[in-house]
Every structure is written in C-alpha cells, then in structure tokens.
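The values are calculated or read from the model by the stated rules, or taken from the named source; none is laboratory data. Quantities reported herein were computed from a predicted structural model and do not represent experimental measurements. As a convention, Cβ positions derive from the backbone with ideal geometry for all residues, glycine included, and neighbour counts pool all protein chains shown. All accessible areas refer to the heavy atoms of the entire protein, side chains included, with ligands and DNA or RNA removed. Shrake-Rupley method; radii C 1.70, N 1.55, O 1.52, S 1.80 Å.
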Amino acid sequence: MYIGISGYNHESAVALVDEHGTLVDYYREEFLSRVKGDKSFPKRSLKRIIQLHNIEINQIKSIAFYERPLSSFLTSIRTAALNMPRSLPLISHQCRNFDKSSISCYLDLSRLFPGLEKKLLYLDHHLSHTLTALAYSDIQSDICSIVVDGFGDRSTTSIAKVNNLYDIKELWCCDYPSSLGLFYSSITDFLGFEVNEGEYKVMGLSSFGNSNSLNAKNVFNLIKWNNQFKTITMDMSYFDYHISPTQSYSNKLVELLGPPRNPFVPLVREDNDFQYYADIAKGAQDAIVNILCQLFNYAHTLTGSRRFLFSGGVAMNSASLDEISSLSCVDKIIIPPSPGDAGASIGSAYFAYLKNNHRQNTKLSRPTFFPSNYDSTSQQHLAKQILTDNFITLTTEFVEIISISAKLISKGEVIGISINNAETGPRALGNRSLVCDGTNKDAVNTLNTLIKNRSPFRPTAPSMKYHTANKYYVLRNELIECYKTMSATCKCRMDTESINFPTTHIDHTARLQIVEDGQILFSLLDKLEDYNIQILANSSFNLSGDPTSFDLFDALMVSMRKPLKYIITNVGLLQSIL
Amino acid sequence: MKDDASKLNIILETASAEYGSALEMLSACKLSEKAPYSCGYFNHAKDEYNHADIFMSILSKYAMNVSSSKARNYRFTARSLIGKYVSAKGYLYEIMKQKDFIAYVYTNELLAKKSFEGILKLVKSDSQQSSLILQIMEDELRHHGLAKKHFLKHYPRMQPLQLMAYRIRETINNRTRKFYFQNLRILDKLLAPLYIFMAYIAGTISILFNLREFDHTNKNLMELSSKSIV
C-alpha cells in the first residue's frame, strides 16, 4: 500500500493507492474535521484510511509528502530577507511558526504512527500536481504538464515534459514571488473575499466587469508575461504577500484602485460600488487569461506537445479554459477534478507507488471521480433516533427513490443527495449535491440563496447528459474531459433558450457538468425526461462557510438548519417533518 | 461604552466559540455509542450552529459600519478555530472520557450563559438582537440542564460534590486561559524587539544561501532524491 499526504499550507488530504496502482481511498481532512479548508496535519484522514482498510504499518511500503518542506521555508524567508527591514515581521512570524510548518510532517507522522516516518518520501510540489493530473489522463506519455499555483517549493509556475511516467523533465519555472496564484488571491483579498476560498467569487464577479474600464486596465497591467525573458513579471511594490504576514496587497495598490471592499457589506448588483469591484475582478480575470494563453503557447514551443495536463490552484479558474482551448497549439487539456493542493496527495501516493514499482509499461489506472469511501451502515443505527424524530423515510428502493425524486424536482423542490462514496471536491459531481430543475428560476433561487446563502452574482452549475449539452452549449473537443468535472465553462448557443436558463451567467456562459452513465445524476436525468426536464442545477451539499457534507449526520444537519425538505441517502429518500 | 474594535472582537470571539462548540457536539454525535446520546448531541450541535449564525449576523451588522481596513480584521475563518477554540489534538470527545465530556458541557454551558449577559449589555439598544441573545441564553441553560440530568442519572453516587468540583475546575481553567492569552499578548509585545532582532539574523543568514543549487530545471523530477527535504 502507498499513501500520499498534502497539508500545512492549503487543504490537507490523504490518498491511498494499492499494489495494482489503483486509488482505493481518499479524504480531505475537512470532510472529517468539518473545518472548512482544514490545513492541519491530516490525522483523522490517515487514521480512517488505516483503520477502514485494516492496514498494518508494515504493509505500507512508502508514504509520500507533496512537497520538499525546507525548500518552501527557505525560499519564503530568503525572498522576504531581500526586503528587510520591512519584511522583518514576516520573517519573525515564519521562524516562530517553524514547528507548525510542513517541516513537522516527519514528527507528526512519528507521533501518530511510530515507525511510519521512516517510510516518508518527499517529492517536488509541482511533480505531485503533475502526477495527479497524469492519473486522470488517458495519455500518460509525450504530454506537456503546466502547473500554476500560489507557491510550491521554490517556484510558482512550471512547465514539464512527461516523456513517460519515469521521465518527467521540468523545462521552465517561474520563481517566487512572481505568482499568478498569489496575484489573484491578493485581488480576492482586496475585494473582501477570503483568500483560498473567495477566488470563485472573483471569477463570478468578473463577468459583470468591463475590460475597458480604467480599474480593469490598472489591474491587468500589474502582472505581465515578459516575452523577451520568457517569464511572469509583477510590480511587487503593489503587493505585500512576500513581506507581510497579514497583508497581501500594499498601500500603493489602494492608492491605485481606491479603498478595498468592506467584507461585511453585501455585494449587490444594484449598488453603486458593484461595478467598481466588478471591473477590478475583470482586470484580474483578463490578466489570468492573458498570461495563461502566453504560457500555453510557450509550453507548446518548449515541448512541441499539443496535449496538456493543467493543474495547481489556478487550474480551478474554469472561466479561463474556453479561451485557452481556442489556441491553435491546443488539442487537448486534462484537468484533474481536484487540481489544488488537496488533490496533490493523489499524485504523491502515485509517486510512492511508482518509486516502488519501476517497471516498463507501468500505467496509472484512472481513479474514479468518487474515491472517498463511505458506508452509511455504520452510522444508520446511531442516527436512528434523529431519523425517527425528524424525518419520514419515503422509500428505501433505489428505483423508487429516483422516481419520487424526479417527481419532486419537477414540482420545483430542491433535493439533497448524500449517497455512496464522495467525490474528491471541490466540485460536487452528484454524490454530495443539492439539485433542482435547472430551468426553474424559483427552484434555482431557493437553492442558491435560501439554502446555500451564496452571493447572488454567482450562478449555479448545470448538470446534463452529453446530447443536451451539445444542443444548448458550444462544446470544445479540447475540453471534453474537463466538462465531466465542471472544470471549464462554455458558451451558450445563442439561438437556444439556454441563454435564459437560471444557471446561465451574465456573460452567457455556464460551468456545466456532463454526466456519465452509472452516476446517480444520470439515473435522475433519465427519469426526469418523463417530465421534459433535461438539466439539473447542481451545487455542493453544504451551507456557505461549511465543508461539503460527507456522512449521513452532515447531510441531516444541513436539512435541519435550512429549508431543505428532501434528502437522498443510503438509508432511503428522507423527508424532513419539521 | 465599549469602542468598536472591542465590541467587534467580543462578538467575533463569541461566534467563533459557538461554531467551535457546534463542531465539538457534531463530533460527539458521530462518536457516541448510543442513538439517544447521538440525537442529543446532534440537537445540541444544531443549536450551536444557529447561535454562531446569529452572532455572525450581529457581527456583520456592526462591522459594515466601520472602515473596510478595520472590518477586514474581523472576518471569520473556520481554520482559525483550530488551536484556539478547538484543540489541535482533537475534539474533546476524541480525547476525553464521556463522563468528563458531559461534566465539561455541564459547566461550560453555564459559564457561556454568564458571558452572554455581558454581550446582552453590548447590544441592549437593539431589541431584536437582545431577544435573540436571550433566546440563546435559554438554550444554554437548557443544555446545562440536560447535561446535569444525564450526570445525575448515570453517576448518582458522585453528587453533588463532584459537579461542584468540575464547575470550579472549569471556572479556574477558563480564567487561567484568558489570563494566559492576555499575558501572552503582553509578553509578545515585550519580546517583539528580540524577535525582530532574531528575524534580522535569520534573514541575513538566509541571504547567504544559494537556492539556485536546488534548481530542478532540465532535471528528471522522478530521479531526484526522494529523501531530501530541499
């Protein structure tokens, strides 16, 4: 057995790969701790994996950590040191929190499972991202890997050529502190959203902005692709993330753009300030798209490849994909369902596997989209009284569950789904989802605002079968795999009614999911054809600020806290009686 | 009258504490051995989540009227709970015996109710908020009562002295914790020049490192040492 771990910087997670190179289990720590974005050492996930699969410590051949910890630490200290004395608070902060950094992975592991630390391997952070993307790719040789994130080991962006699974050569990297990810996060912070959480909101907000506005242009000009030196350049005087422990942008940015947004003031489209913030978001989004396009072109020049693996936190910027895929050098883009740091634990586990199985013709078997093992029978008995007191079980037969749920959806109800194994996140692909009729404005509004309390400017994603998607949206062959995991947006066909769907964004795009046979949403869509419904609005099963529901209790809790009447679970279709 | 910063701080801390309690109770709900206990913890968790929501809405109401630079310091992040409102070692139910856990709930719910009396004074000008906080105080008393009932039913021999001992112990613990954090802040300020000096030394040394030596460009990443942390 081989284990991969990510943590300490962003969301922590653990992945388990077996002797055959198959991903058999995976948990984000937040699934189990219920702390959104939990980045602490993933002890619960590790314990669960070892207990659930009855693994003896001696059965674990290697355990791989997703970065080289001292490299990250030294790079951030050294970069800060070049800006002393302004950066002294950051250096002091980093040194005092040395024991809480990823360097303590070895000790944390030895405390939890003594002996396991001796099997610890380290790999380059961007390699862990690349291997994650490779695992989900049907092409595992002669492909280019582009990793773009905030910061990992020493670089923030890299291009590598994957000749085969044992020959992955890094050809180019962009050194810290110039960082596309941290640039976007700083603008996220400026706009009053939480860093590492609110980037989606900036992306949604940007659609309302005007690229030709002064603010958009000012933001756009803060980060550039330098074609002469083939690198990303930033005017760091506008940013403080490399010298301050608390502030991501500098006062100079405030002088340039005006006051940052108060995070507690609701961002409403009718307000005067809305356009100002939307323009700033637009500038950031334009900059991201521009640099990514340059990067893909350069990667093609370097590697000669027309097929790309794209990972790292910036790969979650689904709105940029449509334009990137239109580049003449792009034939195919593969993005793993969890391209950020949490997903990097999967690549790390595969690294441990590959290091121990150096064979010709080795191929990583493609992981399922639902790798987090969950069996509700263990909790069914414990939840008995909660269920008796608060819920009626409408049916326990799967066929009937689908049939009744389809009828309820046709009547405008929102249904929660918490069934079988969970997806990797962050996108809900059907097993941990809140769904409703994607063409019913009232139902989508209930889901979006009453239940989820989402910002009104963010649309909900639509899920549908391929033929429906092809009918209403302009699909790109280069991104066809990405549509299965909601990793890319696409444009509506303007001659169809899709432009008026409540799941369509202001710029006539949608972050759709093409549902595959075998998934619960496919069964539901099958049955919904009886009611002439072809599209489901699909959002993750959680309340704003909480992690996605993982087990039965989490699902029941959402239903008890918000007006969610129906939940599909392994226990049956439940109706709240409150 | 408390100033804005102090008021916002108290409300944020209370919201965080309530959210932390919700997580503790949800964890207890999942780990308990009997369905009725699980149900009790579940309902308790639901109440605590609702309390956190109420305090966060009060926080929003006040924070939207202060400058954005100040308001940003009072954003709630669940991650920040770890180590402060929930132990980094694990949830209480994971690390405590059940009896101790219930005694903890018994005493802390009562202490929480007392601390809400202070918050009630902060928001007394707003009748709607006052009534919500009064409702929360009732909930806390109810939780305290349920824990007491459980304690009396399952551990009757130890009454009432042990409960009193638990209460005194928790009161001392809470006060010590507050004292510790207050003094930690003072100590932090006092030692700041030393920290900065040490940071200067560390920074100066780090400049001497040539990190280019660890540049992996044009190298096969799969062949680099997997034992090296740089």
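In square angstrom, what is the accessible area per residue of the protein assembly as shown with a 1.4 angstrom probe? Kindly include the intermediate steps, with their values, before the conclusion.
Working: 32570 Å² over 808 residues.
Ligands and nucleic acids excluded, the result is 40 Å² per residue.
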Have a look at the range A:65-88 and report residues whose accessible surface goes down by 40 Å² or more when the remaining protein chains are included, against the chain on its own, probe 1.4 Å, ligands and DNA/RNA excluded. A:Arg68, A:Leu70, A:Leu74, A:Arg78, A:Met84, A:Leu88
With a 1.4 Å probe and all protein chains left in place, how much of the accessible area of chain A comes from carbon and sulfur atoms, in whole percent? 47 percent
Among B:Pro160, B:Ala22, B:Ala202, whose Cα sits farthest toward the positive end of the charge dipole of chain B (+1 at Cβ of Lys/Arg, -1 at Cβ of Asp/Glu, about the Cα centre)? B:Pro160
Sorted by chain and number, the residues with a modelled amide H under 5 Å from that of A:Phe391, at a separation of 5 or more or across chains, are A:Ile577
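Just to verify a number: FRET efficiency for A:Arg306 and B:Asp215, C-beta to C-beta distance, R0 = 35 Å, to 0.05?
On the way: r = 28 Å, r/R0 = 0.79.
Once rounded, the FRET efficiency stands at 0.80.
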Of the accessible area of chain B, computed with a 1.4 Å probe and all protein chains kept, carbon and sulfur make up a percent value of 59 percent
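For the range A:175-334, what number results from the quotient of the Cα radius of gyration and 2.2 N^0.38 Å? Intermediate results must be reported in sequence, preceding the final value.
Numbers: Rg = 15.8 Å, N = 160, 2.2 N^0.38 = 15.1 Å.
Its radius of gyration relative to the 2.2 N^0.38 Å reference: 1.04.
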Sorting A:Ile417, A:Ile506 on solvent-accessible surface, 1.4 Å probe, most exposed first, gives A:Ile506, A:Ile417
How big is the C-alpha Rg of the range B:41-159 next to the rule-of-thumb value 2.2 N^0.38 Å, as a ratio? 1.24
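Show me the three semi-axes of the equivalent ellipsoid for the protein assembly as shown, from the C-alpha gyration tensor (sqrt of 5 times each eigenvalue), largest first, rounded to whole Å. Before the final figure, lay out each step's value.
Details: eigenvalues 300, 220, 167 Å².
Values for the protein assembly as shown, descending: 39, 33, 29 Å.
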Any idea of A:Leu387's accessible area? Nearest 10 Å², probe 1.4 Å. 20 Å²
Determine the equivalent ellipsoid of the range B:160-211 by diagonalising the alpha-carbon gyration tensor, then write out the semi-axes as square roots of 5 times the eigenvalues, largest first, rounded to whole Å. 45, 13, 5
With T = 25 °C, eta = 0.890 mPa s and Kirkwood Rh from C-alpha pairs, the Stokes-Einstein D of chain B in µm²/s is about 116 µm²/s
Under a cut-off of 29 Å between alpha-carbon atoms, report the lysines in cross-link reach of A:Lys119, not counting same-chain residues fewer than 8 places apart. A:Lys39, A:Lys43, A:Lys47, A:Lys61, A:Lys100, A:Lys161, A:Lys169, A:Lys355, A:Lys363, B:Lys89, B:Lys219, B:Lys227
Probe 1.4 Å - accessible area at A:Val195, Å² to nearest ten: 50 Å²
Quick one: angle between helix B:98-122 and the longest Cα principal axis of chain B, in degrees between 0 and 90, rounded to 10, please. 90 degrees
Compute the long axis of helix B:4-31 from its Cα atoms, compare it with the longest principal axis of the Cα atoms of chain B, and write down the angle in degrees, 0 to 90, nearest 10. 80 degrees
Anchor A:Lys118: aspartates and glutamates whose Cα lies under 17 Å away (excluding residues fewer than 8 positions away in-chain): A:Glu56, A:Glu67, A:Asp108
Given the pairs A:Lys527/A:Lys565; A:Lys562/B:Lys153; B:Lys7/B:Lys149; A:Lys36/B:Lys97, which are separated by over 30 angstrom at their Cα positions? A:Lys562/B:Lys153; B:Lys7/B:Lys149
Rule-of-thumb check for the range A:377-576: C-alpha Rg over 2.2 N^0.38 Å? 0.98
Filtered hits (aspartates and glutamates, Cα-Cα < 16 Å from A:Lys384, offset >= 8 within chain) -> A:Asp375, A:Asp551, A:Asp554, B:Glu33
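Compute for chains B and A the buried accessible surface, both sides summed, probe 1.4 Å, and express it in Å² to the nearest 100. It would help to have the intermediate numbers written out before the result.
On the way: alone 15920 and 22850 Å², together 32570 Å².
Buried area between the two chains comes out at roughly 6200 Å².
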Quote the accessible area belonging to A:Arg96 in square angstrom, nearest 10, computed with a 1.4 Å probe and with ligands, DNA and RNA left uncounted. 110 Å²
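Sorted by accessible area (1.4 Å probe), largest first, how do B:Glu13, B:Glu18 line up?
Values: B:Glu13 75, B:Glu18 10 Å².
Descending order: B:Glu13, B:Glu18.
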Report ³J(HN,Hα) in whole Hz for each residue of the range A:455-471, in order, from the Karplus equation J = 6.51 cos²θ - 1.76 cosθ + 1.60 where θ = phi - 60°; Gly and Pro get x. 4, x, 8, 9, x, 8, 7, x, 10, 7, 7, 4, 5, 5, 4, 5, 6
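For A:Tyr531, A:Tyr466, B:Tyr62, give the ranking by accessible area with the largest first, probe 1.4 Å.
The residues order as A:Tyr466, A:Tyr531, B:Tyr62, largest area first.
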